[in-house]
Amino acid sequence: KLSVSKTMNPEADVKCAKSITLSFGDNDFFSNKELTLTVSFKDSDCEEISKVAGTVVDWKDGKDLSKKKVEEVEAQETGETRTVTKTVAAESLFTCFQSFTVPDMEDQDSDDEPDEEEKRLLDQSQECMTLVEDLTSTYEEAVTYYLGYGMSMEEMMANAGYDPEQMAQMMGEG
C-alpha cells in the first residue's frame, strides 16, 4: 500500500515537503509496518532540497538490504596477507530512508568543490527525490486510471512507445 502527500509551509525553514508512506505486511526482512520518507525543500517550487527524513528501518538479524559484506585482502608488514570482512553500504531503495540534512552549497566559496561526503549526500538527496516523484506519479496515474478519469490502456501504451501492432498483440486482438 502506498500513500503520498505534498504540503506547503509545513515548518519555518521548509517551504514545501513531499512525502510517501509504504505499508507492508509481515516479511522476512524488517518488522516495520510502515516506512515514511519525507523530502523537504527550501523553496516553494519544491526544487532545492534541504533535508530528507525517513523511518528508521528495524531490520531483522542478518537481513539488512542497505549493507553488504565484502572481503578484502590486506598485506601485513611481515609479508603475509590476511582476509578481512568489512560491512559497507549497498545500493538499495532502503538507503533513502536514512535521515540527513543536505549540505548548503551556497554557504561555501564558489571555487570550493564539495568534499566526498557532501557529494554523497547531494547524490543521495536526488535519489530520494526521484523515488518520491516516481512513486507519486505511479500512484496518481494508477488511481486516475482505476477511477476512469485518465487515459485508456491503449493511450498509455502508445505514450510508452509501443507500436499499434505490438499493442494489438498485447491486448489479445491479434
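Matching residues to (1) in a helix (DSSP H, G or I); (2) without any contact (Cβ under 8 Å) to a residue 12 or more places away in the chain; (3) out of contact with any Ser or Thr (no Cβ under 9 Å at 6 or more places or on another chain); (4) not hydroxyl-bearing (Ser, Thr, Tyr):
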| site | (1), (2), (3), (4) |
| --- | --- |
| Pro114 | no, yes, yes, yes |
| Leu122 | yes, no, yes, yes |
| Thr130 | yes, yes, yes, no |
| Glu133 | yes, no, yes, yes |
| Ser137 | yes, yes, yes, no |
| Gly150 | no, yes, no, yes |
| Met157 | yes, no, yes, yes |
| Gly161 | no, yes, yes, yes |
Item to check | Search result, residues across the range 29-47 that are under 17 Å from the mean Cα position of the chain (by Cα), surrounded by fewer than 18 Cβ atoms within 10 Å (Cβ to Cβ) and within 20 Å of Val102 (Cα to Cα) | outcome: Thr36, Glu47
Checklist entry - When you go through (1) surrounded by 10 or more Cβ atoms within 10 Å (Cβ to Cβ); (2) without any contact (Cβ under 8 Å) to a residue 40 or more places away in the chain; (3) among the β-branched types (Val, Ile, Thr) one by one for Thr78, which number turns out not to apply? => result (1)
Item to check | Pick from the range 48-71, criterion among the aliphatic types (A, V, I, L, M) and within 17 Å of Ser125 (Cβ to Cβ), ranking: surrounded by the most Cβ atoms within 10 Å (Cβ to Cβ) | outcome: Val52
Checklist entry - Only one residue in Lys63, Lys86 is touching a residue at least 24 places away in the same chain (Cβ under 8 Å) and more than 18 Å from the chain's Cα centre (by Cα). Which one? => result Lys63
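Where a number appears in this text, it was derived from the coordinates with a stated rule and is not lab data. This is a predicted model, so every value here is computed, not measured. When we count neighbours, we look across all protein chains shown, and the Cβ atoms used for this are built from the backbone with ideal geometry, even at glycine.
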